[in-house]
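K.L.:
Would you mind keeping the following structure in view while I ask a few things?
The values are calculated or read from the model by the stated rules, or taken from the named source; none is laboratory data. Small disclaimer: the values here were computed from a predicted structure and weren't measured. Note that each Cβ is placed from the backbone with ideal geometry, even for glycine, and that neighbours are counted across all protein chains shown.
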Amino acid sequence: MFSGGIPIGRFFGIEVKLHWSWFIIFLWITWVLATDYFPSVDDYQDWSTATCWVIGSATSILFFVSVLAHELAHSLVAKAAGLKVSAITLFIFGGVSQLTEEPKSPSVEFRLAVAGPGTSLAIGAACWGIFFATRYSASPVVGMTFWLGYMNVILAAFNMIPGFPLDGGRVLRSLIWWRSRNLRRSTRIASIVGRGFGYLFIFGGIALVFISQYATGLSLVIVGWILENAAAGSYRQMALQDILRGHKVSEVMTQDCEVVPSTITLEQLVNDHILVSGRRCYSVVDFGRALGLVTSHDVRAVERKLWPVKTVREIMTPIDKMRQARPDDDLSSVMYLLMEQGVEQVPVLQDSNVVGIVWRDSLLTFVHLRSELGI
Ligand SMILES: [Zn+2]
């Protein structure tokens, strides 16, 4: 969902991106600040509309800087613990740090989780400190720091709800993991609590709608629904990672990749190879070098009457355009490729030779069998 986004720079070596949905929340918060919050403060009654919008935008930007600080805190703790962080993305519901691997111990998970809300609380306290020091002046700083302090405390409090995948859920998971030494069970419990909070929000929201609190009620329902989905989804993903852990690409790759030269026509490929051997994937090799892959799927996409004239080279997928794997790669990394890229197969290369293919359906069968057997 958040793989896209506009890169806005690198902070401490971590790429920061803005998802398109971020612009909606940015504009909404700026609008609320400029038309509702600042005009309601007694000291700011003489502000022009333009001033309200300028100060509103500045406050909104500072708020997203503090959201970014929250995510950077998570990411920096993760990096210090040797985990890879691919990017931080700001989107409609705040920010997300994209870790390509999970924490390896409960203590790393605990530190990683509390770093974000801890940072938000510290920023909130600093803002309220400035607010108290300047509160008798008519400076815009008073209104800005009061609101920023409030929002950062809310941010910390919401994230500390003990339901996975929220930060509080990670804290809960790390504590259960630390006591039980069982990561799968800890994730299950923390996700169930997360889903429970999701339902609580949904039912609370519905109750509010019944007493005519439509806006608040509806937002609660949406937040609850997102939380419930995220909790269920992250448990499924975790269970999947669990099944794949420790398994190598070589265990699921098929080695039935026959070699064909690039100059043969599709007609020759079909008559002399596909119909004879029944294989659906061919490695295109010239002078001992793998150039690409051609599948029965690629052939079918070409009009029948062109088969005698088109060569394999014209329809193959060049090897350097494909995401590749090596036989001793972790299966979870290939799963990521197949799901993220939406491709059907990943060629497995060793010393620039195609030694096998991982098909999406064979990987799914591998996962399916193991989850049915509970191993
Ligand atoms: Zn967080």
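K.L.:
Name every residue in region 81-102 that is surrounded by 17 or more Cβ atoms within 10 Å (Cβ to Cβ), more than 12 Å from the ligand (Cβ to nearest atom) and over 30 Å from residue 180 (Cβ atoms), in order of residue number.
P.N.:
If the condition is that a residue be surrounded by 17 or more Cβ atoms within 10 Å (Cβ to Cβ), more than 12 Å from the ligand (Cβ to nearest atom) and over 30 Å from residue 180 (Cβ atoms), then 87, 89, 90, 91 are the ones that fit.
K.L.:
Could you please find all residues in region 148-160 being more than 14 Å from the ligand (Cβ to nearest atom) and either more than 22 Å from residue 115 (Cα to Cα) or surrounded by 22 or more Cβ atoms within 10 Å (Cβ to Cβ) (or both)?
P.N.:
Within region 148-160, just 148 meets the criteria.
K.L.:
Which of the residues belonging to region 220-254 are β-branched (Val, Ile, Thr), surrounded by 15 or more Cβ atoms within 10 Å (Cβ to Cβ) and part of a helix (DSSP H, G or I)?
P.N.:
Correct list: 221, 223, 243, 249.
K.L.:
Please work out if residue 151 is over 28 Å from the mean Cα position of the chain (by Cα), within 30 Å of residue 55 (Cα to Cα), of a type outside the set (Val, Ile, Thr) and assigned to a helix (DSSP H, G or I).
P.N.:
Taking the combined requirement at face value, the residue does not satisfy it.
K.L.:
What about residue 163, is it modelled with pLDDT under 90, within 30 Å of residue 125 (Cβ to Cβ) and either out of contact with any strand residue (DSSP E or B) (no Cβ under 8 Å at 6 or more places or on another chain) or surrounded by fewer than 18 Cβ atoms within 10 Å (Cβ to Cβ) (or both)?
P.N.:
Considered against the rule, which asks whether it is modelled with pLDDT under 90, within 30 Å of residue 125 (Cβ to Cβ) and either out of contact with any strand residue (DSSP E or B) (no Cβ under 8 Å at 6 or more places or on another chain) or surrounded by fewer than 18 Cβ atoms within 10 Å (Cβ to Cβ) (or both), residue 163 comes out as yes.
K.L.:
So, one more: Does residue 78 satisfy being surrounded by fewer than 21 Cβ atoms within 10 Å (Cβ to Cβ), assigned to a helix (DSSP H, G or I) and within 12 Å of the ligand (Cβ to nearest atom)?
P.N.:
It is false that residue 78 is surrounded by fewer than 21 Cβ atoms within 10 Å (Cβ to Cβ), assigned to a helix (DSSP H, G or I) and within 12 Å of the ligand (Cβ to nearest atom).
K.L.:
Which residue, of 105, 48, is away from the ligand (no atom under 16 Å from the Cβ) and more than 33 Å from the chain's Cα centre (by Cα)?
P.N.:
48
K.L.:
Residue check: is residue 120 touching a residue at least 24 places away in the same chain (Cβ under 8 Å), more than 13 Å from the ligand (Cβ to nearest atom), in a helix (DSSP H, G or I) and out of contact with any strand residue (DSSP E or B) (no Cβ under 8 Å at 6 or more places or on another chain)?
P.N.:
No.
K.L.:
Also, quick follow-up: Count, please, the residues in region 204-218 that happen to be under 21 Å from residue 25 (Cα atoms) and either surrounded by 14 or more Cβ atoms within 10 Å (Cβ to Cβ) or touching a Phe, Trp or Tyr at 6+ places or on another chain (Cβ under 9 Å) (or both).
P.N.:
Counting residues in region 204-218 that are under 21 Å from residue 25 (Cα atoms) and either surrounded by 14 or more Cβ atoms within 10 Å (Cβ to Cβ) or touching a Phe, Trp or Tyr at 6+ places or on another chain (Cβ under 9 Å) (or both) gives 3.
K.L.:
Name the single residue, out of those in region 103-117 being exposed (fewer than 15 other Cβ atoms within 10 Å of the Cβ) and within 22 Å of residue 159 (Cβ to Cβ), that is modelled with the highest pLDDT.
P.N.:
Here the residue is 107.
K.L.:
Those residues that are within 32 Å of the chain's Cα centre (by Cα) and of a type outside the set (Gly, Ala, Ser), I need them from region 210-220; list them, please.
P.N.:
Selection gives 214, 216, 218, 220.
K.L.:
I've got another one for you. Any idea which of 69, 58, 138, 115 is in a helix (DSSP H, G or I), away from the ligand (no atom under 16 Å from the Cβ) and of a type outside the set (S, T, N, Q)?
P.N.:
58
K.L.:
Six or more apart or on different chains, Cβ atoms under 7 Å: show the pairs whose first residue is in region 156-181 and among the acidic types (Asp, Glu) and whose second is part of a loop (DSSP other than H, G, I, E, B) and modelled with pLDDT of 90 or more.
P.N.:
Listed pairs, sorted by first residue: 167/160.
K.L.:
Being modelled with pLDDT of 85 or more, of a type outside the set (A, V, I, L, M, F, W, C), under 30 Å from residue 186 (Cβ atoms) and touching a Pro at 6+ places or on another chain (Cβ under 9 Å) is the filter here, so list the residues in region 208-250 that pass it.
P.N.:
248
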